[in-house]
Protein chains: 2
Amino acid sequence: MDNAESENFISESSVDDGVYVKSSTKVPKTLSITHILLALGSIGLCVAWVVKNYSGFTLDNGTYHFLLMTLFIVFTSVGATSFRIFTFVSRPVAKLIHAGCLTASFIIASVSLWTIFKFHNDKDIPNMYTLHSWLGLLFVIFFGLQLMGGMFSFLFPLVSPTVRTKILPVHRATGIVLFAGIAGIAMIGINEKLVFEVGKYKVKDAFGIIPNIFGLILFLFACVGTFILVRPEYKREENRSQGLEMQ
Amino acid sequence: MDNAESENFISESSVDDGVYVKSSTKVPKTLSITHILLALGSIGLCVAWVVKNYSGFTLDNGTYHFLLMTLFIVFTSVGATSFRIFTFVSRPVAKLIHAGCLTASFIIASVSLWTIFKFHNDKDIPNMYTLHSWLGLLFVIFFGLQLMGGMFSFLFPLVSPTVRTKILPVHRATGIVLFAGIAGIAMIGINEKLVFEVGKYKVKDAFGIIPNIFGLILFLFACVGTFILVRPEYKREENRSQGLEMQ
């Protein structure tokens with residue numbers, strides 16, 4: 001893979017008078033595997049946190065929100081990177097994975113929001129006073145709009161190919177910003193939950209260390225996902241050579 | 001600008017057999033102006049927060065950390081986007097702005113870390129128990145390494161042009177991930193500081209609303225910066241046509 005990377009590398013120095021041959025580089029296997037391992041690690045550590053600090057998941061302690069939001073981020077990352085990671089499947093299949101994962105993400109996020117509002121309402125905790133809640137709700141709404149925009153532009157296209165061609169780079173960039181954003185917002189949430197019990201948190205024992213490691217791993221997962229997404233070289237080769245990019 | 005955008009747009013559909021003419025699109029003026037206004041708004045709201053909740057900046061209340069970290073993010077965003085925003089200056093000048101802003105960023109972040117450690121030590125508050133502190137310290141260290149790597153690869157190059165060509169896309173992608181990361185970590189910090197006084201925070205008055213709006217504006221600023229950075233179309237045109245990209 002490293003060999004392929006160096007051979008196919010798109011360097012700006014190969015550019016001559018604005019015309020050049022562009023070839024794509026596959027995402028190195030080590031990066032894909034790291035991405036998957038960090039996802040599994042995040043889910044495991046989230047469960048460990050809830051079991052350790054809350055004796056498990058119930059609707060009464062609001063902890064489903066933590067697991068569902070972790071799954072939201074994982075599904076979003078897999079969905080967002082599907083065109084780049086799943087190069088062993090055809091482009092239409094990668095596209096179905098993209099749309100499927102991101103639709104699942106949005107449903108998971110919506111249920112997750114419901115569980116935390118229910119928890120607040122049942123316990124008479126005020127809603128929507130933290131920065132986490134403001135940014136979180138905003139980004140889930142933006143996520144829904146982006147999903148709907150993607151659906152009606154690319155999956156069941158209501159717009160002309162010319163418009164789609166213009167929309168695609170914006171859809172891609174907005175998607176990366178949304179993904180990085182929700183990962184950051186999740187970190188706020190983990191930190192916030194722990195600071196609510198700052199007396200226990202600052203003792204630096206398992207109470208705080210497990211969720212800190214969870215946050216660290218989830219953040220690194222998001223960093224790897226973002227890194228894969230922001231390299232234009234990782235685009236699928238047939239996006240260019242077979243003219244299939246708009247189907 | 002909109003007109004230029006549509007005329008110069010790089011669409012994947014113009015690709016034929018992997019060979020195509022690539023032309024760059026300038027960052028729309030509205031986006032650059034929004035970026036600047038959000039930066040100024042962030043700084044203003046940070047000051048308003050500290051004046052409202054802490055009666056101003058002193059080393060005793062740890063509030064310099066908030067302003068310095070805001071400046072860290074602002075300088076990083078300006079530095080990171082310099083090649084794309086400052087198209088009215090020559091590439092070497094844009095490069096000096098890039099290196100200058102990011103060096104300033106790192107110094108500001110280091111001083112900012114010093115102020116918060118000093119605050120903790122003076123008040124006997126434990127250091128390094130929150131997720132914010134773990135991620136924050138990690139990312140400032142990564143930022144320093146990235147800066148050093150950039151300096152010795154591109155500004156005072158110790159490596160061959162071939163190696164530089166390979167490093168550049170990694171430097172670019174890593175930079176975007178670091179920038180998005182520090183913006184997320186700042187949000188954790190704002191939220192954390194408010195949750196420390198959760199009794200006042202949940203009342204939903206100026207105590208919490210001003211910093212929430214500050215966080216929102218700073219996050220939107222980072223989103224705009226990231227959006228500009230993740231669009232390959234926004235690369236400087238002479239990066240390709242004049243072969244100056246490595247100087």
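The values are calculated or read from the model by the stated rules, or taken from the named source; none is laboratory data. Please read these numbers as outputs of a predicted model, since none were measured by experiment. Note: ideal-geometry Cβ built from the backbone for every residue, glycine included; neighbour counts use all protein chains shown.
Could you list all residues from the range A:159-214 that are of a type in the set (D, E, K, R) and facing another protein chain (nearest Cβ under 7 Å)? Break it down stepwise before answering.
So in the range A:159-214, the residues of a type in the set (D, E, K, R) come out as A:164, A:166, A:172, A:192-193, A:197, A:200, A:202, A:204-205.
Selection gives A:166, A:192, A:202, A:204.
Tell me, which helices (runs of 4 or more DSSP H) wholly within the range B:159-232 include 2 or more residues that are under 25 Å from residue B:113 (Cβ atoms)? Step through it out loud before you land on a result.
Details: elements: B:161-195, B:198-201, B:206-229.
Where helices (runs of 4 or more DSSP H) fall fully within the range B:159-232 and carry at least 2 residues being under 25 Å from residue B:113 (Cβ atoms), they are B:161-195, B:206-229.
Return the residues of the range A:131-141 that are touching a residue at least 12 places away in the same chain (Cβ under 8 Å) and in contact with a helix residue (DSSP H, G or I) (Cβ under 6 Å, 6 or more places away or on another chain); say none if nothing qualifies. Quick ask: steps written out before the conclusion?
Initially, the range A:131-141 is screened for residues touching a residue at least 12 places away in the same chain (Cβ under 8 Å), giving A:131-132, A:135-137, A:139-140.
Correct list: A:131, A:132, A:135, A:136, A:139, A:140.
Residues checked against (1) within 26 Å of residue A:132 (Cβ to Cβ); (2) touching a residue at least 24 places away in the same chain (Cβ under 8 Å); (3) in contact with a strand residue (DSSP E or B) (Cβ under 7 Å, 6 or more places away or on another chain):
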{"position": "B:81", "(1), (2), (3)": "no, yes, no"}
{"position": "B:90", "(1), (2), (3)": "no, no, no"}
{"position": "B:93", "(1), (2), (3)": "no, no, no"}
{"position": "B:101", "(1), (2), (3)": "no, yes, no"}
{"position": "B:106", "(1), (2), (3)": "no, yes, no"}
{"position": "B:115", "(1), (2), (3)": "yes, yes, no"}
{"position": "B:151", "(1), (2), (3)": "no, yes, no"}
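Among the numbered criteria (1) touching a helix residue (DSSP H, G or I) at 6+ places or on another chain (Cβ under 7 Å); (2) within 14 Å of chain B (Cβ to nearest Cβ), which single criterion is violated by residue A:125?
Going through the list (1) touching a helix residue (DSSP H, G or I) at 6+ places or on another chain (Cβ under 7 Å); (2) within 14 Å of chain B (Cβ to nearest Cβ), residue A:125 breaks only (1).
Would you call residue A:141 out of contact with any strand residue (DSSP E or B) (no Cβ under 7 Å at 6 or more places or on another chain) and more than 9 Å from every other protein chain (Cβ to nearest Cβ)? Steps first, answer last, please.
On the way: out of contact with any strand residue (DSSP E or B) (no Cβ under 7 Å at 6 or more places or on another chain): yes; more than 9 Å from every other protein chain (Cβ to nearest Cβ): yes.
Spelling it out, residue A:141 is indeed out of contact with any strand residue (DSSP E or B) (no Cβ under 7 Å at 6 or more places or on another chain) and more than 9 Å from every other protein chain (Cβ to nearest Cβ).
Right, residue B:58: farther than 20 Å from residue B:220 by Cβ, part of a loop (DSSP other than H, G, I, E, B), more than 14 Å from the chain's Cα centre (by Cα) and touching a residue at least 60 places away in the same chain (Cβ under 8 Å) or not?
Details: farther than 20 Å from residue B:220 by Cβ: yes; part of a loop (DSSP other than H, G, I, E, B): yes; more than 14 Å from the chain's Cα centre (by Cα): yes; touching a residue at least 60 places away in the same chain (Cβ under 8 Å): no.
No.
Kindly check whether there is at least one residue in the range B:166-185 that is over 16 Å from residue B:145 (Cα atoms), out of contact with any His (no Cβ under 9 Å at 6 or more places or on another chain), among the β-branched types (Val, Ile, Thr) and crowded, with 17+ Cβ neighbours inside 10 Å.
Looking for residues that are over 16 Å from residue B:145 (Cα atoms), out of contact with any His (no Cβ under 9 Å at 6 or more places or on another chain), among the β-branched types (Val, Ile, Thr) and crowded, with 17+ Cβ neighbours inside 10 Å, one finds none in the range B:166-185, hence no.
Are any residues in the range A:142-169 more than 20 Å from residue A:91 (Cα to Cα) and among the hydrophobic types (A, V, I, L, M, F, W, C), and if so, which ones?
Of everything in the range A:142-169, those that are more than 20 Å from residue A:91 (Cα to Cα) and among the hydrophobic types (A, V, I, L, M, F, W, C) turn out to be A:142, A:143, A:145, A:148, A:158, A:159, A:163.
I'd like to verify a number: residues in the range B:83-105 that are buried (at least 21 other Cβ atoms within 10 Å of the Cβ) and among the small types (Gly, Ala, Ser), how many?
1
Given the structure, is residue B:167 within 16 Å of residue A:177 (Cβ to Cβ) and in contact with a Ser or Thr (Cβ under 6 Å, 6 or more places away or on another chain)? Full working, then the answer.
Details: within 16 Å of residue A:177 (Cβ to Cβ): no; in contact with a Ser or Thr (Cβ under 6 Å, 6 or more places away or on another chain): yes.
The answer is no for residue B:167.
Given (1) within 23 Å of residue B:174 (Cα to Cα); (2) at pLDDT 95 or above; (3) more than 7 Å from every other protein chain (Cβ to nearest Cβ), where does residue A:230 come up short, assuming only one miss?
(3)
Would you check if there is a residue in the range B:99-120 being within 14 Å of chain A (Cβ to nearest Cβ) and at pLDDT 95 or above?
So in the range B:99-120, the residues within 14 Å of chain A (Cβ to nearest Cβ) come out as B:120.
From the residues that got through so far, the ones that are at pLDDT 95 or above too are B:120.
Yes, that holds for at least one residue.
Can you say whether residue B:139 is loosely packed, with under 14 Cβ neighbours inside 10 Å and in contact with a Leu (Cβ under 9 Å, 6 or more places away or on another chain), as far as the supplied structure shows? Walk me through how you get there before you give the answer.
Details: loosely packed, with under 14 Cβ neighbours inside 10 Å: no; in contact with a Leu (Cβ under 9 Å, 6 or more places away or on another chain): yes.
Taking the combined requirement at face value, the residue does not satisfy it.
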